[in-house]
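Colleague: Take this structure, written in structure tokens, and hold onto it; I'll ask about it next.
The values are calculated or read from the model by the stated rules, or taken from the named source; none is laboratory data. All values reported here derive from a predicted model rather than from experimental measurement. No Cβ is skipped: glycine too gets one built from the backbone with ideal geometry, and neighbour counts run over all protein chains shown.
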Amino acid sequence: MAKFCSECGNALGHSKSEASHSKSEASKLTSSPAPKKKRSPSAYNIRYGKAFKRLAPKFKKKNGQWKKDGFKRAGAAARKVAKK
């Protein structure tokens, strides 16, 4: 029965695959890419978020659920305010 690597799933037991497997593991361990920097929100995105939070209650029911098409209309209203 063939043995498989638990990390990459390659078959073990053949000299060629073991050699390539050990090389690929070594390359994974040596190269550690820097973590990506999270993108900061734009000025428009900040204005939109504040406007949406301020306008959302007008488009919700008393129990907190959205009215019919409320989320879509709240987003449209917030975009209109944020555009100014």
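Colleague: Just to verify a result, which residue in the stretch 71-84, among those that are touching a Phe, Trp or Tyr at 6+ places or on another chain (Cβ under 6 Å) and among the hydrophobic types (A, V, I, L, M, F, W, C), is surrounded by the fewest Cβ atoms within 10 Å (Cβ to Cβ)?
Modeller: If we take residues in the stretch 71-84 being touching a Phe, Trp or Tyr at 6+ places or on another chain (Cβ under 6 Å) and among the hydrophobic types (A, V, I, L, M, F, W, C), then A82 is surrounded by the fewest Cβ atoms within 10 Å (Cβ to Cβ).
Colleague: Pick from the stretch 54-70 the residues that are exposed (fewer than 14 other Cβ atoms within 10 Å of the Cβ) and part of a helix (DSSP H, G or I): which of them is farthest from the chain's Cα centre (by Cα)? First the steps, then the outcome.
Modeller: To start, the set of residues in the stretch 54-70 that are exposed (fewer than 14 other Cβ atoms within 10 Å of the Cβ) comprises 54, 57-58, 61-65, 67-69.
Filter again for part of a helix (DSSP H, G or I), leaving 54, 57-58.
On the way: R54: 26, P57: 28, K58: 30 Å.
This residue is K58.
Colleague: Among the residues in the stretch 32-53, are any at pLDDT below 80, loosely packed, with under 10 Cβ neighbours inside 10 Å and within 29 Å of the chain's Cα centre (by Cα)?
Modeller: yes
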